[in-house]
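S.K.: Have a look at the structure that comes next, please.
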Amino acid sequence: MKIFVLPVICVFPAMALSAAATAQSAPPGLAITIYNDDLALVQDSRRLDLPAGRSRQEFKDVSARIRPETVTLAAAGIGIVEQNFDYDLLSPDTMMEKAVGSDVTIVRINPATGVETREIATVLAVNGGVVLKIGDRIEVLRDDGLPVRVIFARVPENLRARPTLSVTVDAERAGPHSARLSYLTSGLGWKADYVALFDETAGAMDMQGWITLTNTSGTTFKAAQTLLVAGNPNGSNPNGNNGGRGAPRGLVAAGTQGNDREQLGDYYLYPLQERTTIADRQTKQVSFLDARGVQARKAYEYRVGWLATQTDPQSFATVIKFRNASAGGLGDQLPAGTVRVYARDARGQPQFIGENQIGHTPMGSDLAIRTGEAFDVKVKPVAEVREQMGKTRWRTTMSYTITNARAAPVTVDLAQTGLWGESKIVTESLISRRVDADTVEWRVPVPANGEVKVTATFETKY
Amino acid sequence: MRLLLAPALLASALLAAPSAAGTFVSPAPEAVSVSIYRPPGRSGGAIDLDDLQGFALISETRTITIPAGETVIRFEGVADGMISVSAVVAGLPAGVVEKNRDARLLSPAGLMAAYLGQQVTLVRTNTATGRETRVPAIIRSGPDGGAMLETAAGLEALRCSGLPERLVFPSLPAGLTAKPTLSVTARSDRPVAAKVTLSYLARGFDWAANYVAQVRPDGRGLDITAWLTLANGNGTGFPAAQAQVIAGRVEHDAEIADAVPDAGDFTASCWPWNAGTAIPLPAPPMLMREMMVAPAVAMMSDELSQIVVTGNKAVREDLGDLKLYRVPQATDVAARGQKQVLLMTQGAVPFTAIHRFEFTAGDAETDIQASLLLRLKNDAARGLGLPLPSGKVALFETVGGAPMLIGEDDVRDAAIGEEIEIRAGQSNAVRASTGEDADRAGLYHIRLTNARNVQVTAEVALFIDDNERLITTRPRIGKRDGTPTWTVTVPANSEIALDYRAKGRRQR
């Protein structure tokens, strides 16, 4: 028994502790805890009618993608003798392999007359062909290329239609026992999907959040009490930020606020309010967030690479910026997922304007969702002059022609990157802000249907 | 609560749960709006009708009536390519408990899996006598790797007798659906009838803009006709739909859409050492791509120039930073079909024809053909002045009374006020050679020749290395986009020369 418990404790200390805490009060039925990265903890509380002494219990309705090494069966007054996970599956191939040495019935039908003949044969060997002993003849099955039916008497004991978990238990007394089977499985996962309706003129956004649960485990979990954990306990990350490094997309500044949402260690928990049936191959969505009038604004961003000259004007990215702080209308943690942004068209109908991913976002964070590119707001960067001023000194004059074909003035954020800490601005037509060693940024107001040219001369020493 | 532990009671409780919730099936939308988006990566290029990479936002109006209590509302007649996680149901007076997409499909494999361990009928026909025998059989193995059946005679594999064999299932198992199905569980304290809006993103759509530009006989302007081509690769059609296309780049990740795969195929097999006798079931019908109407867009542009415009012209509006083009009347967006509407027609748009060469200082090259460029300014003063979505341009010139294709190019999204450049191919008549002077080292000549009987404007860009500079140029060189560039006139049937001297800078 200990053998199976130990690895669970090593890998998932937090989970094992929570499991221990709820052992006594576990309600009957299924409880499922789902993590983000294709991992779930299934706890199946059920009544087992056991005879006294040793008996073998089969659990056929466990997840088809169970991780058998994580199985634990806990019950008062019983000891676990051994656990087996048998995945020798019943198929025509395995039937024939297991039939070596036993008798089968072979049925031949004369294709011309339709007359059926039956014979008893002993399967001698199954090695690249089936060798049969029929009476005193030795034959290879289907050597003549004609169809032959092979009828087996019974299913061999260890062949099963689906992988089966069995536990041999040793009960102190006969009768009903409350037991809890828990295991980890893949094939269950969740993420969040957000619907954001952005109103540019009001500077506000309505945002709904849905938890999206997917089940590809091959098993239907009926009436399960479901808990979703926003976190990745084994260190992998579906958002691509390796081992927690690198801010996930969308996050500008991580927040520091908290609310009364339940936590498990550093992870936030999203319990579903009602028991639910998670059918096989089902995608289930349950609402968890409905915020109205969240303050949001639109920004235009473009980053120019070092010495990048563009002969065609390039569109600024359209970015929707908002905070999930308690002030501002959206005070909640946002689990990782996709934000789909909509805006109303002239007829008032919501139209899709772009989507992007966010990572797990603590409350109070600044978020920026890049929805697409602006058709009418563009920049054409040109490296106008490169001059060598001394042995290791260069002067570069850049011009950035920003055009706005919209009927309203806009303010754009234009960044020049590639400064490497070695380049500084000598002259510029508009005051810039040094964001970091590598980047300067201009906030450029551009009039309606207008054009602004920003120029800057950089001096580089190396 | 403890009582629920008894297996029998538990089972009945579970059976009771779904029957407590009634089901309302909404078979089809009453009104539908389809907004088509291009894939973010594609701006110009033609659409591939066999593999439409774009997507659409579909908004449907449906009327539902639900009784008091919990009701499962099933939405049928949605696009096959529905990205169900994007589905939003608005206008439900009652609370939405959950939204589900079920993809356990009614298929040979799905039936086999659902009937595992249950009794079906095995029907066998003796081909010689024509006699049919029916025996009850229990399915003993899952759908992967062949079916084992248990009959009164014993166990045997399906389709190994050489006789036609089929399985007859007594009824449809619960939970299997013909197509992935979206349903919403709603709860209401009273019976209600409501108009709801179901909106969702769906795969398998695309659109393109195609411009046909005809050089006027006087050679001074272009007559431009542009068409929007909308394509729907779904098996679902949308009759009398409000249709829109959205221009501009939209972030969309097709990969992350729906993670749940469809059910696999089922193949009956005997055992592996009997090649030739395993009879596979016919594969389930696939999407018949051949059935698609596929008139190639590029091919059509020839005919398009002759099409009489009937006035179904797209109406434009701004949608945030994108452009929305609306088909003015309700239109049928047919299943696996494409349709075209007029984007714009504009006559006599002035353009500048440029013969362009690009050299690097110090090059020695002979007989280079000019690239012919047509430059247009997208403003109202010069006949355009409207946002032009990226697309393909076919350029025609009338030769001997018939239009001839002289070039084809992709143009990018052009906002009002932008310059548009159409590459019309290489010129045979305008050529250039360049090289160092025979006697004076460091002096370079570029010789431009014009064999046409009209004068042409040539643009010669001279790229130069960072550690070099031009000392003398004749005529004096200008600059375009940061690159030293001459813009010169080459008279009819004559040649001109450009000279320059370049020198390395102080060495570091």
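The values are calculated or read from the model by the stated rules, or taken from the named source; none is laboratory data. Model, not experiment: these values are computed from the prediction. Cβ: placed from backbone, ideal geometry, glycine included. Neighbour counts: every protein chain shown.
S.K.: With respect to A:D345, determine if the residue is acidic (D, E) and more than 13 Å from chain B (Cβ to nearest Cβ).
M.R.: Spelling it out, it is not the case that A:D345 is acidic (D, E) and more than 13 Å from chain B (Cβ to nearest Cβ).
S.K.: What about B:G235, is it farther than 30 Å from A:R162 by Cα, at pLDDT below 90 and more than 13 Å from chain A (Cβ to nearest Cβ)?
M.R.: So B:G235 fits the description; yes.
S.K.: Take the residues in segment B:35-69 that are assigned to a strand (DSSP E or B) and surrounded by fewer than 17 Cβ atoms within 10 Å (Cβ to Cβ), then tell me which one is modelled with the lowest pLDDT.
M.R.: B:G69
S.K.: Follow-up. Is there a residue being over 24 Å from the mean Cα position of the chain (by Cα) and of a type in the set (K, R) anywhere in segment A:274-296?
M.R.: Yes, because at least one residue in segment A:274-296 is over 24 Å from the mean Cα position of the chain (by Cα) and of a type in the set (K, R).
S.K.: Can you give me the ranges of the strands (runs of 3 or more DSSP E) entirely in segment B:414-479 with at least 3 residues that are polar (S, T, N, Q) and away from chain A (no Cβ under 14 Å)?
M.R.: B:419-436
S.K.: Between A:D144, A:D93, A:D136, which is out of contact with any strand residue (DSSP E or B) (no Cβ under 8 Å at 6 or more places or on another chain), more than 12 Å from chain B (Cβ to nearest Cβ) and without any contact (Cβ under 8 Å) to a residue 60 or more places away in the chain?
M.R.: So the residue among A:D144, A:D93, A:D136 that is out of contact with any strand residue (DSSP E or B) (no Cβ under 8 Å at 6 or more places or on another chain), more than 12 Å from chain B (Cβ to nearest Cβ) and without any contact (Cβ under 8 Å) to a residue 60 or more places away in the chain is A:D136.
S.K.: Same structure again: Residues of segment B:73-106 being more than 28 Å from A:Q357 (Cβ to Cβ), in contact with a Leu (Cβ under 8 Å, 6 or more places away or on another chain) and either among the small types (G, A, S) or part of a loop (DSSP other than H, G, I, E, B) (or both), which ones?
M.R.: The answer is B:R104, B:L106.
S.K.: May I ask you to list the residues in segment A:188-232 that are in a loop (DSSP other than H, G, I, E, B) and facing chain B (nearest Cβ under 10 Å)?
M.R.: A:E200, A:T216, A:G218, A:T220
S.K.: With the condition kept exactly as written, say whether any residue in segment A:324-333 is surrounded by fewer than 22 Cβ atoms within 10 Å (Cβ to Cβ) and within 12 Å of chain B (Cβ to nearest Cβ).
M.R.: No, that holds for no residue.
S.K.: Does A:T318 qualify as being facing chain B (nearest Cβ under 8 Å), hydroxyl-bearing (S, T, Y) and closer than 30 Å to B:A461 by Cβ?
M.R.: In short, no.
S.K.: Being more than 43 Å from the chain's Cα centre (by Cα) and surrounded by fewer than 23 Cβ atoms within 10 Å (Cβ to Cβ) is the filter here; which residues of segment B:138-147 pass it?
M.R.: B:I138, B:R140
S.K.: Could you please find all residues in segment A:153-169 being among the polar types (S, T, N, Q) and in a loop (DSSP other than H, G, I, E, B)?
M.R.: A:N158
S.K.: Another question about this same structure. Condition first: at pLDDT 95 or above and either touching a Leu at 6+ places or on another chain (Cβ under 7 Å) or under 30 Å from A:Y268 (Cα atoms) (or both). Now tell me which residues in segment A:354-396 satisfy that.
M.R.: Once the filter is applied, which keeps residues that are at pLDDT 95 or above and either touching a Leu at 6+ places or on another chain (Cβ under 7 Å) or under 30 Å from A:Y268 (Cα atoms) (or both), segment A:354-396 yields only A:V379.
S.K.: I'd like to check which strands (runs of 3 or more DSSP E) are fully inside segment A:356-440 and have at least 3 residues that are within 8 Å of another protein chain (Cβ to nearest Cβ) and over 27 Å from B:P40 (Cα atoms).
M.R.: Fully inside segment A:356-440 and qualifying: A:366-390.
S.K.: Where in segment A:51-123 are the strands (runs of 3 or more DSSP E), entirely inside, with at least 1 residues that are in contact with a Lys or Arg (Cβ under 7 Å, 6 or more places away or on another chain) and under 28 Å from B:G154 (Cα atoms)?
M.R.: A:78-86, A:103-109
S.K.: Go through segment A:429-456 and report how many residues are within 26 Å of A:M389 (Cβ to Cβ), surrounded by fewer than 16 Cβ atoms within 10 Å (Cβ to Cβ) and not hydroxyl-bearing (S, T, Y).
M.R.: 8
S.K.: Sticking with this one: From A:V155, A:V167, A:V130, A:V140, which residue is over 27 Å from A:G218 (Cα atoms), of a type in the set (A, V, I, L, M, F, W, C) and crowded, with 18+ Cβ neighbours inside 10 Å?
M.R.: A:V130
S.K.: As an exercise: evaluate B:A109 against (1) outside any loop (DSSP other than H, G, I, E, B); (2) facing chain A (nearest Cβ under 7 Å) and give the number of the one condition it does not meet.
M.R.: It is condition (2) that B:A109 fails.
S.K.: Still on this structure, please answer the following. Could you list, in sequence order, all residues of segment A:359-390 that are free of Cβ contacts under 8 Å to residues at least 60 places away in the same chain, among the small types (G, A, S) and under 26 Å from B:L388 (Cβ atoms)?
M.R.: Hit for segment A:359-390 is A:G372, nothing else.
S.K.: To continue, here is another question. Being surrounded by fewer than 23 Cβ atoms within 10 Å (Cβ to Cβ) and touching a residue at least 40 places away in the same chain (Cβ under 8 Å) is the filter here, so list the residues in segment A:344-358 that pass it.
M.R.: Matches in segment A:344-358: A:R344, A:P350, A:N356, A:Q357.
S.K.: Determine whether segment B:87-105 contains at least one residue that is within 14 Å of chain A (Cβ to nearest Cβ) and within 18 Å of the chain's Cα centre (by Cα).
M.R.: Scanning segment B:87-105, I find no residue that is within 14 Å of chain A (Cβ to nearest Cβ) and within 18 Å of the chain's Cα centre (by Cα), so the answer is no.
S.K.: Of everything in segment B:156-211, what is among the basic types (K, R) and in contact with a Phe, Trp or Tyr (Cβ under 6 Å, 6 or more places away or on another chain)? Give them in sequence order.
M.R.: B:R203, the sole residue that qualifies.
S.K.: A further question follows. Keeping to segment A:273-293, report how many residues are more than 7 Å from every other protein chain (Cβ to nearest Cβ) and buried (at least 21 other Cβ atoms within 10 Å of the Cβ).
M.R.: The number of residues fulfilling the criteria is 1.
S.K.: Output the residue which, of all residues in segment A:64-90 that are among the small types (G, A, S) and touching a strand residue (DSSP E or B) at 6+ places or on another chain (Cβ under 6 Å), is nearest to the other protein chains (Cβ to nearest Cβ).
M.R.: Only one residue tops the list, namely A:A75.
S.K.: Whether any residue in segment B:338-361 is in contact with a strand residue (DSSP E or B) (Cβ under 8 Å, 6 or more places away or on another chain), more than 30 Å from A:N449 (Cβ to Cβ), basic (K, R) and more than 14 Å from chain A (Cβ to nearest Cβ) is what I want to check.
M.R.: Yes, some residue in segment B:338-361 is in contact with a strand residue (DSSP E or B) (Cβ under 8 Å, 6 or more places away or on another chain), more than 30 Å from A:N449 (Cβ to Cβ), basic (K, R) and more than 14 Å from chain A (Cβ to nearest Cβ).
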